[in-house]
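Chemist: One structure, as structure tokens, below. Some questions next.
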Amino acid sequence: MLSIQSNNYKKINFSFINVYCLLFTVTTIISSLIQLTLFKQVNDTNSHILNRAIVVAIGTSSIYLLLSIKLKNKILEILIPYVISLSIVLLYVFFTGFFEELHPNAYRDITLNYSAVFIIVAFIVKFITRKSKV
């Protein structure tokens with residue numbers, strides 16, 4: 001469980017479901033805004049939303065993996081959960097291709113999108129855990 005304690009607030013515990021809901025909501029809102037403003041696409045398929053839900057679940061699990069791995073090398077401490085979780089995401093995309101047609105750039109798109117969100121979330125998690133130790 002991810003915990004944050006501040007001088008002004010009580011200790012806040014973030015369960016897996018809380019973090020998952022937060023990440024899913026934020027990524028869905030951002031994706032919707034991008035689709036509406038840049039691509040003028042007004043609808044999103046249900047399968048796309050369900051696929052996003054699974055990828056966010058994998059990403060949320062990587063946060064807990066990120067918190068549980070403690071190494072002397074801080075780069076490896078972040079890189080190992082990233083490689084593991086991205087591999088699972090790419091494997092999921094591969095298996096999804098058996099049930100629905102994949103976009104020609106599906107692997108590139110998921111790698112770029114997942115990597116960007118992972119970097120932002122990893123920075124926030126490491127910053128929060130560092131601040132809470134001080």
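Just so it is clear, none of the values below were taken in a lab; they were calculated from the coordinates. This structure is a prediction, so every number in the text was calculated from the model and none was measured. Neighbour counts run over all protein chains shown; Cβ positions are idealised from the backbone, glycine included.
Chemist: Give me the number: length gained by fully extending His103 to Ile34, i.e. 0.36 nm times residue separation minus the C-alpha to C-alpha distance, one decimal in nm.
Modeler: 23.1 nm
Chemist: Quick check: net charge around Leu102, other residues with Cβ under 13 Å of its Cβ, Lys/Arg +1 and Asp/Glu -1?
Modeler: With Lys, Arg at +1 and Asp, Glu at -1, the neighbours total -2.
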